[in-house]
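Undergrad: Attaching a single structure in structure tokens format; questions to follow.
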Amino acid sequence: SIDLIVTSNRTAVPWVSAPGVPDPAQGFADTWDRLARGGKKVLVLQDNPLMLPAEATTECVAQNPGHPELCDRAKADAMPLDYQLDAMALTDSATLIATEDWFCTEQTCPAVIGNVLVYRDEQHISLLYAQTLAGELWREVSPYLD
């Protein structure tokens, strides 16, 4: 009775790398393949950027109310290692929803977008920013619903 599986993952974490331990990207691909063989459509949300550790980004914005751009992070430093992206090259059983442009320009990942604080900590977006993305997410997901 499941019409669609939408998944995401924080992959910027230490993974065990040892003989006999499956590769994380292959693990994602194998799981998505099994779901697809079971007749399920799978959408994968790209991991969002990582900002300053802990609450440093929100503290920076609070300390620089007139200049939140001082709290932005270079895109090259903010985009996490995302094994889901590697996994997409291993299978055609899932569809990627690239979210990078929801958070970053070509050069930076702002702490504030449209007067909205983007992050509540290093990795979690704020509730208000998530609400601003609802329409964008729906535009990406709705074509896959019957």
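The values are calculated or read from the model by the stated rules, or taken from the named source; none is laboratory data. Given the structure is predicted, the values throughout are model-derived calculations rather than measurements. For neighbour counting, all protein chains shown are included, and Cβ atoms are generated from backbone atoms with ideal geometry for every residue, glycine included. Protein only, heavy atoms only, side chains kept; ligands, DNA and RNA dropped before computing areas. Shrake-Rupley method; radii C 1.70, N 1.55, O 1.52, S 1.80 Å.
Undergrad: Please work out which residue is least open to solvent (accessible area, probe 1.4 Å), limiting yourself to the range 114-146 and to residues that are charged (D, E, K, R) and in a loop (DSSP other than H, G, I, E, B). Lay out the reasoning, then the answer.
TA: Residues of the range 114-146 that are charged (D, E, K, R), as a first pass: 120-122, 136, 139-140, 146.
Imposing the further condition that a residue be in a loop (DSSP other than H, G, I, E, B) reduces the set to 120-122, 146.
Working: Arg120: 134, Asp121: 29, Glu122: 56, Asp146: 166 Å².
Step by step, filter the range 114-146, then rank; the result is Asp121.
Undergrad: For the range 81-113, which residues satisfy the criterion of being touching a Ser or Thr at 6+ places or on another chain (Cβ under 7 Å) and assigned to a loop (DSSP other than H, G, I, E, B)? Spell out how you get there, then give the answer.
TA: We begin by selecting, within the range 81-113, every residue touching a Ser or Thr at 6+ places or on another chain (Cβ under 7 Å); these are 81-84, 111.
If the condition is that a residue be touching a Ser or Thr at 6+ places or on another chain (Cβ under 7 Å) and assigned to a loop (DSSP other than H, G, I, E, B), then Leu81, Asp82, Ala111 are the ones that fit.
Undergrad: From Thr95, Thr105, which residue is loosely packed, with under 14 Cβ neighbours inside 10 Å and of a type outside the set (A, V, I, L, M)?
TA: Details: Thr95 fails: loosely packed, with under 14 Cβ neighbours inside 10 Å.
Matching residue, one of Thr95, Thr105: Thr105.
Undergrad: If a residue must be farther than 15 Å from Leu85 by Cβ, open to solvent by 70 Å² or more (accessible area, probe 1.4 Å) and not aliphatic (A, V, I, L, M), how many such residues does the range 1-45 contain?
TA: Residues that pass the stated criteria total 9.
Undergrad: Moving on to the next point. Would you check which residues across the range 52-80 are of a type in the set (Gly, Ala, Ser), part of a loop (DSSP other than H, G, I, E, B) and free of Cβ contacts under 8 Å to residues at least 60 places away in the same chain and list them?
TA: Filtering the range 52-80 down to residues of a type in the set (Gly, Ala, Ser) leaves 54, 56, 62, 66, 74, 76, 78.
If we keep only those that are part of a loop (DSSP other than H, G, I, E, B) too, we end up with 54, 66.
Answer for the range 52-80, where residues must be of a type in the set (Gly, Ala, Ser), part of a loop (DSSP other than H, G, I, E, B) and free of Cβ contacts under 8 Å to residues at least 60 places away in the same chain: just Gly66.
Undergrad: May I pose another question? Please find, among Pro49, Pro19, the residue that is assigned to a loop (DSSP other than H, G, I, E, B) and without any contact (Cβ under 8 Å) to a residue 60 or more places away in the chain. First the steps, then the outcome.
TA: Values: Pro49 fails: without any contact (Cβ under 8 Å) to a residue 60 or more places away in the chain.
After applying the criteria, what remains is Pro19.
Undergrad: Oh, and also: Based on what the data block shows, is Val6 closer than 19 Å to Leu133 by Cα and of a type in the set (A, V, I, L, M)?
TA: Here the answer is yes, as Val6 does meet what is asked.
Undergrad: Given the criterion open to solvent by 40 Å² or more (accessible area, probe 1.4 Å) and polar (S, T, N, Q), identify the matching residue among Asn48, Asn64.
TA: Values: Asn48 fails: open to solvent by 40 Å² or more (accessible area, probe 1.4 Å).
Only one candidate passes the filter, namely Asn64.
Undergrad: Another question about this same structure. Answer yes if at least one residue in the range 133-144 is farther than 26 Å from Lys41 by Cα and either under 15 Å from the mean Cα position of the chain (by Cα) or modelled with pLDDT of 95 or more (or both), and no otherwise.
TA: The answer is no, given that none of the residues of the range 133-144 is farther than 26 Å from Lys41 by Cα and either under 15 Å from the mean Cα position of the chain (by Cα) or modelled with pLDDT of 95 or more (or both).
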